[in-house]
Amino acid sequence: MAFFLFWGGAAAVLPYIAVYFESVHLSGRQIGQLTSIPFFISLISSVAFGFLSDVSMKNRLIMRLCSIGIIVVLFLYPQAQTFASLLPVVLLYSMFHAPTNPILDKMTLDELESPEMYGKVRAGGSIGWGIMVLVTGLLMDKLGFGIHIMFYINIAFMVLFLLITAFMPQTRHHEQATRSDTSLKKLGKFLLHPSFLTISLLIIIWGIGEASIQNFLFLHIKQLGGSSTLMGAALSISLVGEIVTFSLADKIQTKIGEFRMILLAFIVIIIWLVGLSLIKNPAIFPFFQIFGGAGFALIHSGSVAYVNRKAPQELGTTAQALRGGIYAGFGTGVGSLICGALYEFIGSSAMYRTMAFIQMGGLLLGILFYLRERRVRLAGNNQ
């Protein structure tokens, strides 16, 4: 239920925010800047709050404070109509939104008997996202509630999320977590470990490609003549692939392993981006969007499992925050800047084609890393 409420509320705002920015007459470059700057703030915010959660053992309190912050900022959004007034609102929303999911991820992993079952629980967020992105589109497009309705939907869901956090258990912490100096040393060692550097580079590249879809898919559909309802339908159908893949994540992980799940995510996003660059009829998008959901579930489940296995247990929340922050900050954040410029100067179809080539480079790097690790592992077994 927690994932359903958190991501159901976010679905009312995040997919439509670029459309809102355009409705107040911002340029493509300004839209790219507003959708990228929060990701860089997210990197700092998620890691800072995640580390505080680990060393203070007050994860539930921190998550509740972040939820209150989100609600307050959402009330400010409709009053902001210019780039200058939107900038602080966007930054504050990002600062409070970013830490909530890593804390929720770690609390969930600690409560599960088997971490491989994470995907089945996380599927609740996908269901909430799919339902509410469609409902929000219908409310704006067919029922005439106006674009501001998306902020009030998110507020309602966050109020419910805040209420149920009272029944959530505290994350189980190790005694070492009370020593911040020890935790900092272990954190530094983890940051420099080759496995973390590898996964960080890959999720950055994948995030750059995801940014083109996350921030500009609806503008692309609008440019081709699609409606708000079609936008909601396209994103909702992508959730079919996401929910199914999350539900099967434990079986996929057992069969091919965490790292190859990530490689598979690259293959899926390449197919997705190539399709977006070629399709000219917006009515076809909903049927093609199933690739997007599957790719996100693969990269998310694979990277969460990989980091959870590699990270020190007493720094689990911090490690997940780092993973999410790097994905958002250096991945989708940098991607938003790149895509904002590409969208303005060469158009959305060429932008998606460019992103596909970048993902091909990421897939090649991932394969090389995988083969190298496999050779090292085989050499170690033969000694």
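The values are calculated or read from the model by the stated rules, or taken from the named source; none is laboratory data. No experiment lies behind these values; they were computed from the predicted model shown. Because the Cβ atoms are built from the backbone with ideal geometry, glycine has one as well, and the counts that use them run over all protein chains shown. For accessibility, only protein heavy atoms count, side chains too; no ligands or nucleic acids. Shrake-Rupley method; radii C 1.70, N 1.55, O 1.52, S 1.80 Å.
Which whole number in µm²/s is D for the range 1-98 by Stokes-Einstein, with the Kirkwood Rh taken over Cα pairs at 20 °C and 1.002 mPa s?
Numbers: Rh = 14.3 Å.
The Stokes-Einstein estimate is 150 µm²/s.
Accessible surface for the chain, divided over its residues, is 41 Å² per residue with a 1.4 Å probe.
Past the 12 angstrom mark, what percentage of all C-alpha to C-alpha distances in the range 227-280 do you count?
Numbers: 1055 of 1431 pairs.
Cα-Cα pairs of the range 227-280 separated by over 12 Å account for 74 percent.
Annotation: residue 58 carries an accessible surface of approximately 100 Å², with a 1.4 Å probe and no ligand, DNA or RNA atoms counted.
Between residue 56 and residue 280, the FRET efficiency estimated from the beta carbon spacing at R0 = 45 angstrom works out to 0.25. A crude spin-label estimate for the pair residue 65 and residue 192, with each label 7 Å from Cα along the Cβ direction, gives 3.1 nm. In the complete set of protein chains, residue-level accessible area for residue 373 is approximately 50 Å², probe 1.4 angstrom.
Leaving ligands, DNA and RNA out of it, report the carbon-plus-sulfur percent of the accessible area of the chain at a 1.4 Å probe. Reported share for carbon and sulfur atoms: 69 percent. Across 149, 62, the residue with the most accessible area heads the list, and the full order at a 1.4 Å probe is 149, 62. Charges were assigned to the Cβ only: +1 to each Lys and Arg, -1 to each Asp and Glu. The resulting dipole of the chain about its Cα centre is roughly 680 debye.
How many times 2.2 N^0.38 Å is the alpha carbon radius of gyration of the chain? The partial results should precede the final answer.
On the way: Rg = 20.0 Å, N = 383, 2.2 N^0.38 = 21.1 Å.
Rounded to two decimals, the normalised Rg is 0.95.
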